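In what follows, a structure is listed as structure tokens, so that the remarks can point back to it.
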Amino acid sequence: MLVLKNLRVKVGKMTIIKDINFNFEKGKMYAIMGPNGSGKSTLAFAIAGHPAYKLESGSMRFEGRNISELSPDKRAKLGMFLSFQTPLALSGINVFQLLRIALANKKDPLALKKKIETIAKKLGIKSQLAERSLNEGASGGEKKKLEMLQAAILDPKLLIFDEIDTGVDVDALRTIAKFMNENKDGKTYILITHYNRILHYIRPDKVLILMNGRLMKVGSAKLAEEIEKSGYEKIMSNVKS
Ligand SMILES: Nc1ncnc2c1ncn2[C@@H]1O[C@H](COP(=O)(O)OP(=O)(O)O)[C@@H](O)[C@H]1O
Ligand SMILES: [Mg+2]
């Protein structure tokens, strides 16, 4: 459903993502792993259409359509969702108001409010938090739960979570993972992580290893376990030898 072909992405003058070819299939759970600075967030931004992350060459297709030139909002409307590594705080706007705008007022406000409440409850989000300015003063775990809430309401086809497990305590992580597991049918998930924590709770169909902007290895969930045991360098030295 998302096909990356010979993808090269640059930030400023520097090429960060180098020649990535991969086909993300519908309904599957992927994990992208790699050490700090390997280009994971860059890849996520490029897929979402962040203007600072430019396609140097190659292409991206989403459900058969070339999205390489589309703006982030157009990609979102096609059914792509990206949760940032560090979710931004939005002063003066709460999650309900944000979602009202995102849904272009198409949904009945009462129904939307009710849906937000139901999902917030499942995610253990306190009601005051949903009413406050988005992410303002929220803890790491609360921010990531609010991201999951927004994803659940917007109901995208492709969900990319950048470092969903960073700065999140184990209870919040478990709650988020449980929610994902219960809501994965027909959806494609890409979980970006530099360590294995979330993968203790969610079993990915495939694990992709990114290093220095290159896709170095693709394996099963077992690959994540190997990385946890031996580290990236060891695994990679085995690839080369
Ligand atoms: N906006 C930016 N400006 C300059 N360099 C950037 C920018 N975004 C990413 N980079 C560089 O790209 C490389 C990959 O970064 P990133 O994609 O954030 O890695 P990861 O998410 O795997 O830790 C790093 O060397 C980083 O410094
Ligand atoms: Mg990152």
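Nothing in this text is a laboratory measurement; each read-out follows from the coordinates by a stated rule. Given the structure is predicted, the values throughout are model-derived calculations rather than measurements. Note: ideal-geometry Cβ built from the backbone for every residue, glycine included; neighbour counts use all protein chains shown.
Antiparallel DSSP bridges in region 109-241: what percent, to the nearest 5? Expressed as a percentage, antiparallel bridges in region 109-241 total about 50.
I'd like the distance between the alpha-carbon centres of region 33-89 and region 147-176, rounded to an integer number of Å. Cα centres, region 33-89 to region 147-176: 17 Å. In this structure, the residue pairs whose Cα-Cα separation is over 21 Å, taken from 107/184; 18/157; 26/234; 206/229; 26/144; 18/145, are 107/184; 18/157; 26/234; 26/144; 18/145. For residue 136, the residues 5 or more places off, or on other chains, whose built amide H falls under 5 Å of its own are 90.
Annotation: the antiparallel percentage among DSSP beta bridges lying fully within the chain is about 55. Comparing 125, 209, 192 in a Gaussian network model of the chain, where Cα atoms under 10 Å apart are tied by springs, the biggest mean-square fluctuation is seen for 125.
Adding -39500 (n - 2.57) for every DSSP H run of four residues or longer, then dividing by how many residues the chain holds, sets the calculated 222 nm ellipticity at -11000 deg cm²/dmol. Using the Cβ-Cβ distance between residue 170 and residue 36 with R0 set to 25 Å, the FRET efficiency works out to roughly 0.70.
Using a 10 angstrom cutoff on alpha carbons, build the Gaussian network for the chain and name the most mobile of 159, 70, 82. Among 159, 70, 82, the largest GNM mean-square fluctuation belongs to 70. Radius of gyration over Kirkwood radius for region 2-240, both on Cα atoms: the Rg/Rh ratio is 0.96. Here residue 127 and residue 26 are evaluated by their C-beta separation; at R0 = 30 Å the FRET efficiency comes out at 0.30. When the Gaussian network model of the chain links Cα atoms closer than 10 Å, the mean-square fluctuations of 130, 138, 111 top out at 111.
If R0 equals 51 Å, the separation of the Cβ atoms of residue 113 and residue 54 corresponds to a calculated FRET efficiency of about 0.80.
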